[in-house]
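Below you'll find the structure, written out as structure tokens, and then a few comments.
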Amino acid sequence: MSENEQNSKKIELPISITVRQLAEVLEASPIEVIKNLMSNGVMANINQEIDYDTAAIVSEEMGFEPAPQHIEEVAEEDIGEIPLWRRKLAEEDQAQLEPRPPVIAILGHVDHGKTTLLDAIRHTSVASGEAGGITQHIGAYQISHEGQLITFLDTPGHAAFTAMRARGAQGGDIVVLVIAADDGVMPQTEEAISHARAAQVPIIVALNKIDKGNAAPEQVKQQLAENELVPDEWDGDTIVVPVSAIEKKGLDDLLEAILLVAGDMEILANPKGEVFGTVIEAEINRGRGVMATLLVQNGVLKVGDTVIADKAYGRIKAMFDFQGQSIKEAGPSMPVSVMGLNEVPQAGEFFTIAKNEKKAREIIKDREQIIEAKETEEGEMVTLEQLFARYQAGDVEELNLILKADVQGSLEPIISSLSDLKSESEGEQEIGVKVIHSGTGRISESDIMLAIASNAVVIGFNVGPDATAKRMAEAEGISIRKYSIIYHLIDDIKKALQGMLSPIEKKILIGQADVLVVFPSGKYSKVAGCRVQKGEIKRNAQIRVMREGKMAFEGGISSLKHLKDDVTEVKAGFECGIGLKNFSDFKEGDSLECFVIETVTVF
Ligand code: GDP
């Protein structure tokens, strides 16, 4: 292995690449690449885009040492992965751009200390005197270190929030990846690395819990290097900062590192330009109505502006900073909580402002019409067979679902009906349905990311995917199924679950013969003298005796003769004698249907 690595050639790959381009990089023929992809279970044609991970596997197998392409070198055509706000920023008048505070997303495996670290930074670095006043949790905050502002996104750490964390990476300029030194690189750590890479955001590693006796920082650095995050002390590009969130140690070093990395980047915005940004989180507050935390990424957002985020819109009645202080305006990189939207927008949604509420309504209506027109065109997206096919193959014990509906009122009955569904097999392993995420609104990119992370099927009830989600689902092979009748949804899932458990025995008709005459055979038994009318009668097949349209008997063949000879099959047009096991009550005119049993899984 190590010898192989030494001999291998280093290459840099973008976040996605066509098979043809990859073949060029690998100095191989496209056919070779396609064959390699196939052996890895990926069917791709020469012009198809494959993602970084796939391209990396193929490259390694073909003797190369792939690494992600450096951010500055990302090609124009990779723009699809770049968040909308960054693309919008690129359209701004470049001469007007000014530096803005860096926005940091903290990602990492559950329990590695993200929350503790965020709290520790907040408490030590928020200007003293104000710290006591922190009562608000708005999903983001700002601190000042050495006179420079830094914005932290406080993305939820629970496994179910994978997609939101991914969004966190998208909204941020830098990812701080928290890794517990006693636990090392774990699945969510790897996932966070992928999200940061997808969003083309640099990573700083906070090696947390170094106070613990069993902390093994060197081992973690090794793991990082294996994940293409080579620590700077090993001549790599990744800054690794040892910290103890609980003992508040190493925090200054971490903030220093953030400013260092930020200093190397161009973190800019046009305060005089178009107002836009990202929805960080939103909820309904009893007294205040919809409260949405927005991260302003360009321009200056003011009280009185009409915000528009997907289908939500409204005039800002009041605006607060993360400490709950009422403010009148907010510039780039500032997180604010705003009051006045008519509905809860999705976290991660792009927001901008409209001239007034009337204009906002028009924009939303236009958008909806475009989406509706597209949906009608698309029609049914995937067949149920495709949808559940991958669950048939493996030892899947639970069918993970992500459920989106138009209104909250539809979600509850669906979820409770689904939880009632139990597999009907007795004694065998029990397969259940697990709704890992449910919500209202269109199926979004976040839902698809969550589906990828949890191997789930996405169900839309009266809602479909938005354009980005659809593209992503297609690229990642995630099934989306749309319903508008609850009963149909439940019924389909039920059938799928049964299919997953017990393949159905399907009877396949292979021939038919008419009984012309009945002979005695031995003392107690009778055989039917028949003519085969269709197909063939096979010795090892089954026979169904049909009399006046009804089934009189069904069972195996005990003897099959043509003239005097025992035979294994008799084809249409020939006569034969058929004896059945445990049946001799043939009547002239009976129709014998010959069938074989195949075990198939059908829905
Ligand atoms: P999260 O799931 O990543 O947000 O992790 P938490 O911040 O909730 O931390 C998980 C657990 O690790 C908690 O019990 C923390 O008290 C503990 N923890 C966090 N940071 C440290 C640290 O630096 N040292 C030690 N010993 N424990 C820590």
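The values are calculated or read from the model by the stated rules, or taken from the named source; none is laboratory data. Since the model is a prediction, treat every value here as computed from it, not as a measurement. Heads up, the Cβs are rebuilt from the backbone with ideal geometry, glycines too, and the neighbour counts pull from every protein chain shown. We work out accessible area using only protein heavy atoms, side chains counted, and drop any ligands, DNA or RNA first. Shrake-Rupley method; radii C 1.70, N 1.55, O 1.52, S 1.80 Å.
Exceedance of the 21 Å cut-off in Cα-Cα distance is limited, within the set Lys538/Lys561; Lys482/Lys507; Lys523/Lys561; Lys302/Lys355; Lys317/Lys355, to Lys482/Lys507.
For Val407 and Lys365 in one chain, what is 0.36 nm times their gap in residues minus the Cα-Cα distance, to one decimal in nm?
Values: separation 42, 0.36 × 42 = 15.12 nm, distance 1.84 nm.
Extending this stretch completely gives an extra 13.3 nm.
Of the GluC sites (Glu not before Pro) found in region 543-597, those in coil by DSSP whose Cβ has at most 14 other Cβ atoms within 10 Å are Glu548, Glu588. Rounded to a whole number, what % of the accessible area of region 500-586 do carbon and sulfur atoms account for, probe 1.4 Å? Answer for region 500-586 is 51 percent, counting heavy atoms of protein chains only. Given R₀ = 45 Å, FRET efficiency for Ser416-Glu476 by Cβ-Cβ distance, to 0.05? Step by step, r from the Cβ atoms, then E = 0.90. The mean accessible area for residues of region 522-586, using a 1.4 Å probe and ignoring ligands and nucleic acids, is 61 Å² per residue.
Quotient of the Cα radius of gyration of region 510-603 and 2.2 N^0.38 Å, N being its number of residues: 1.03.
Dipole size of region 298-349 about its Cα centre, with +1 on Lys/Arg Cβ and -1 on Asp/Glu Cβ: approximately 180 debye, rounded to the nearest 20.
Want the number for Arg286 to Glu575: 0.36 nm per residue separation, take away the alpha-carbon distance, what's left? Working shown, then result.
Values: separation 289, 0.36 × 289 = 104.04 nm, distance 8.39 nm.
Result: 95.6 nm gained on full extension.
Give the shape of region 230-367 as rounded, prolate or oblate, defined through the alpha-carbon gyration tensor: a ≥ b ≥ c are the square roots of its eigenvalues, a/c under 1.5 means rounded, and otherwise the shape is prolate if a/b is larger than b/c and oblate if not. It comes out prolate by the Cα gyration axes. Placing a pseudo-label 7 Å from each Cα along the Cα-to-Cβ vector at Met38 and Ile246 gives an inter-label distance of 5.5 nm. The simple spin-label model puts a point 7 Å past each Cα toward its Cβ; for Arg20 and Ala90 those points are separated by 2.2 nm.
The length gained by stretching the chain between Lys495 and Val110 to full extension, at 0.36 nm per residue less their Cα-Cα distance, is 135.1 nm.
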